[in-house]
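In what follows, a structure is listed as structure tokens, so that the remarks can point back to it.
The values are calculated or read from the model by the stated rules, or taken from the named source; none is laboratory data. Only a predicted model underlies this, so the values are computations on that prediction, with no experimental measurement involved. Positions of Cβ are generated from backbone atoms using ideal geometry, with glycine treated the same way; all protein chains shown enter the neighbour counts.
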Ligand SMILES: Cc1ncc(C[n+]2csc(CCOP(=O)(O)OP(=O)(O)O)c2C)c(N)n1
Ligand code: SF4
């Protein structure tokens, strides 16, 4: 028997206090009569009733509901405008046991984010989207939305939406219903109390569909925006009931029989291609290298980062590699973020590296101040420039480009000299893993030979000059 709790009670899935505004911790930031507040409550109740608070992750959008993470005591990720389905996809795939609830307004979902929602639904991603259709851009002050109705006035259509100028409103549920993917699609409204009870049921059913691994579930909620519509809360609710529901008919649009459609099966975990060596043992000591590799485009910055990540993978670590580069193929700046960790990697961004690999002086100047105290700095140059000295980091400066030319006959092998130096200094990764990574990423025999020479040269030079 489900536990009986009065509806008025604050949901357990809300924080006891909303700490966004110190002087008002019991109210949300929504306007009186706004549908967002009501739908938040329905979602929180569903999370409570389904017993999933510990594994629920809410994706909040850009729009009036951008601060949803101040209210839901669940996992929370706030994402860029329109990108909730892409982020929800990533989270659900990485954490199949999480219950992912993606929350979007009509500007967010049906304008800037149209491609994301269509493709997520077509791929039948197993997460739930709650789509708040208030037929307007609320947060930005009332511009026309794709779902604004014909004749509806907005700041960008002061004379009302015209089919000649702005075309017809987008019926998102019906569009999604043309796709094979979705498991569950329903449209509900907040037009009166009975409708709100239906909305509660729909939200619960959609989340349940996800829990049953039935695939993509979607609930559109026709929702009042009294402030921007210029109506009082009661009139706004009536407008939802009397006008919006004429254009957007309510009801279950798809409830796919789980037995007639294959349940999406997650792909098998990553396996090394046959012939690859078995994973090397994880280190006894926990490892958490946050590495920034930076230099000019063409210096092999990205390849060096990729090699570190690939070798880390071969060594059984959790890794990430995130490149960032300008549009030029040559001589623009580029850098990448690499993480090598014995724990799961939470974010691929490296803001405060504990290892900075600077292949040129501008990169040293740009990133030196970001290095964590106690971290390592490897610089391709005769010496660290005097005005860059930092007493709280360990710095290694060697002229790696000259060394690459002298020993491997090619300045392009500078990155491999650097790899040899870093390896020798930090014993970052097992030599076999580095070798395996080089074989996976460098496909020319000639370059493999050159790069091995450069790697060894870097390693020896560090031993001769720097090892104490
Ligand atoms: C990339 C980008 N483009 C535009 C904006 C401006 N912007 C913020 S919210 C919004 C639309 C919000 O409308 P909706 O999604 O319907 O949500 P509501 O505020 O009505 O809940 C826009 C266009 C932005 N923040 N980022
Ligand atoms: S502007 Fe509209 S959507 Fe935004 S909080 Fe106010 S009533 Fe809600």
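Got at least one residue in segment 93-107 being in a loop (DSSP other than H, G, I, E, B), out of contact with any strand residue (DSSP E or B) (no Cβ under 8 Å at 6 or more places or on another chain) and more than 16 Å from ligand 1 (Cβ to nearest atom)?
yes
Please indicate, with yes or no, whether at least one residue in segment 372-382 is in a loop (DSSP other than H, G, I, E, B), at pLDDT below 90 and in the same structural domain as residue 429 (by TED's automatic domain parsing).
yes
Within segment 415-434, which residues are in contact with a strand residue (DSSP E or B) (Cβ under 7 Å, 6 or more places away or on another chain), touching a residue at least 60 places away in the same chain (Cβ under 8 Å) and surrounded by fewer than 20 Cβ atoms within 10 Å (Cβ to Cβ)?
426
Consider segment 202-246. How many of its residues are within 15 Å of ligand 1 (Cβ to nearest atom), out of contact with any strand residue (DSSP E or B) (no Cβ under 6 Å at 6 or more places or on another chain) and under 21 Å from residue 108 (Cα atoms)?
Selection size over segment 202-246: 6.
Look at residue 21 and say whether it is within 16 Å of ligand 2 (Cβ to nearest atom) and closer than 15 Å to residue 9 by Cα.
In short, no.
Residue by residue through segment 225-238, note down the ones that are surrounded by 19 or more Cβ atoms within 10 Å (Cβ to Cβ) and more than 9 Å from ligand 2 (Cβ to nearest atom).
If the condition is that a residue be surrounded by 19 or more Cβ atoms within 10 Å (Cβ to Cβ) and more than 9 Å from ligand 2 (Cβ to nearest atom), then 237 is the only one that fits.
What pairs come out if I take residues in segment 219-234 that are more than 25 Å from residue 126 (Cβ to Cβ) and pair them with residues that are more than 11 Å from ligand 2 (Cβ to nearest atom) and assigned to a helix (DSSP H, G or I) whose C-beta lies under 6 Å away, six or more apart or interchain?
222/240; 222/244; 224/237; 224/240
Would you please name the residue that is farthest from residue 174 (Cα to Cα), looking only at residues in segment 107-130 that are within 16 Å of ligand 2 (Cβ to nearest atom) and surrounded by fewer than 24 Cβ atoms within 10 Å (Cβ to Cβ)?
It comes out as 111.
From the list 104, 143, exactly one residue is within 16 Å of ligand 2 (Cβ to nearest atom) and touching a helix residue (DSSP H, G or I) at 6+ places or on another chain (Cβ under 6 Å). Which is it?
From the options 104, 143, the qualifying one is 104.
Tell me, yes or no, whether segment 59-69 has at least one residue that is away from ligand 1 (no atom under 16 Å from the Cβ) and assigned by TED's automatic domain parsing to the domain that holds residue 205.
No; the residues of segment 59-69 include none that is away from ligand 1 (no atom under 16 Å from the Cβ) and assigned by TED's automatic domain parsing to the domain that holds residue 205.
Quick check on residue 133: is it touching a strand residue (DSSP E or B) at 6+ places or on another chain (Cβ under 8 Å), in the same structural domain as residue 68 (by TED's automatic domain parsing) and either within 21 Å of residue 83 (Cα to Cα) or more than 15 Å from ligand 1 (Cβ to nearest atom) (or both)?
yes
Determine whether residue 449 is touching a residue at least 60 places away in the same chain (Cβ under 8 Å), surrounded by fewer than 20 Cβ atoms within 10 Å (Cβ to Cβ) and assigned to a helix (DSSP H, G or I).
Criteria not met by residue 449.
Mind counting the residues in segment 31-83 that are in a loop (DSSP other than H, G, I, E, B) and in contact (Cβ under 8 Å) with a residue 12 or more places away in the chain?
Counting residues in segment 31-83 that are in a loop (DSSP other than H, G, I, E, B) and in contact (Cβ under 8 Å) with a residue 12 or more places away in the chain gives 16.
Does at least one position in segment 166-185 carry a residue that is within 17 Å of residue 239 (Cβ to Cβ), away from ligand 1 (no atom under 12 Å from the Cβ) and assigned by TED's automatic domain parsing to the domain that holds residue 42?
yes
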